[in-house]
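Chemist: Following this message is one structure expressed as structure tokens.
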Amino acid sequence: MMSDVMLDAMGGTSEWPDAGFPGIKINPDTLMPGIVNEEACNSALQASSDPADRIMVLLAEGHAGDAAELLAEARYKDPESFRLRAFEAEVLRVSKRYDRAVDLYRQLLAEVQGTGLEALAHQHLGRALYAGGNTAAAVEEFAKALDLRVAGAADAALIYSSTVALQRARNVLEMAS
């Protein structure tokens, strides 16, 4: 698959959805974030004073322990932050504690139901379910995220991310049957 892919200006593959931070994109096969352009990622990280950005990069690199340590400090300063609480679930996912990640995302989803964060919560819950091997449930969550994003006229990059995730999960489900 990689041989026939065009590179974009960020050094990643052009069809990989953006992950919300320069140099990081979502792998369309694993549906997980990965660094595709270290230079862009490092430059953005140096320009940022937000600890959540560093946590995101550590998670994309697979460094759950370091991310958890930084996350604990950040959560102490801002315990109600949805973004930081979502990163807590991501730390669990990277640590392969899928059931706990799913439980935390379900809790977050219940808290943001009916708000602008609901689609994001469905998307991340879908990723955790997908990573844990519950592809059928992941399809449902990605479909909900996509529906909410389309209905809310979300940014095209977010709609694309949900579309890619939904299609990948459907393909995996189809191949398994």
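The values are calculated or read from the model by the stated rules, or taken from the named source; none is laboratory data. Note that the coordinates shown come from a computational prediction; the quantities given were computed from them, not determined experimentally. Neighbour counts run over all protein chains shown; Cβ positions are idealised from the backbone, glycine included. Please note that ligands, DNA and RNA were not included when accessible areas were found on the heavy atoms of the full protein model with its side chains. Shrake-Rupley method; radii C 1.70, N 1.55, O 1.52, S 1.80 Å.
Chemist: Calculate the spin-label point distance for residue 47 paired with residue 136, positioning each point 7 Å from the Cα along the beta-carbon direction, and give it in nanometres.
Modeler: 4.6
Chemist: With unit charges on the beta carbon (Lys/Arg positive, Asp/Glu negative), name the residue among 76, 56, 98 whose Cα is farthest towards the positive pole of the charge dipole of the chain.
Modeler: 98
Chemist: Just read off the accessible area of residue 54 with the full protein assembly in place, 1.4 Å probe, to the nearest 10 Å².
Modeler: Accessible area, nearest 10 Å²: 90 Å².
Chemist: Also: Please work out, to two decimal places, the log10 of the ratio I(q)/I(0) at q = 0.18, 0.21 Å⁻¹ from a Debye calculation in which every Cα of segment 56-156 carries one identical scatterer.
Modeler: -0.85, -1.09
Chemist: Of [x] 11.4; [y] 10.4; [z] 13.6, which one was derived for mean projected area of the Cα convex hull in nm² from the structure shown?
Modeler: So the structure-derived entry is [y].
Chemist: In the chain, what percent of the accessible surface is made up of carbon and sulfur (1.4 Å probe, ligands and nucleic acids excluded)?
Modeler: Roughly 52 percent, rounded to a whole number.
Chemist: What's the FRET efficiency of residue 103 with residue 38 using the Cβ-Cβ distance as r and R₀ = 30 Å, to the nearest 0.05? Before the final figure, lay out the partial values.
Modeler: Working: r = 33 Å, r/R0 = 1.11.
After rounding, the FRET efficiency stands at 0.35.
Chemist: Can you tell me the accessible area per residue over the chain, all protein chains present, probe 1.4 angstrom, in square angstrom?
Modeler: I get 53 Å² per residue for the chain.
Chemist: A further question follows. Using only DSSP helix segments of four residues or longer, with each worth -39500 (n - 2.57), what per-residue ellipticity at 222 nm results for the chain after dividing by its residue count and rounding to 500?
Modeler: -21000 deg cm²/dmol
Chemist: About its Cα centre, how strong a charge dipole does segment 43-177 have in debye, to the nearest 20, once Lys and Arg get +1 and Asp and Glu get -1 at the Cβ? Numbers along the way, then the final one.
Modeler: Numbers: 15 positive and 19 negative charges, 58 e Å.
Computed about the Cα centre, the dipole is about 280 debye.
Chemist: Given points 7 Å out from each Cα along the Cα-Cβ axis, report the residue 82 to residue 176 separation in nanometres with one decimal.
Modeler: For the pair residue 82/residue 176, the computed spacing is 2.9 nm.
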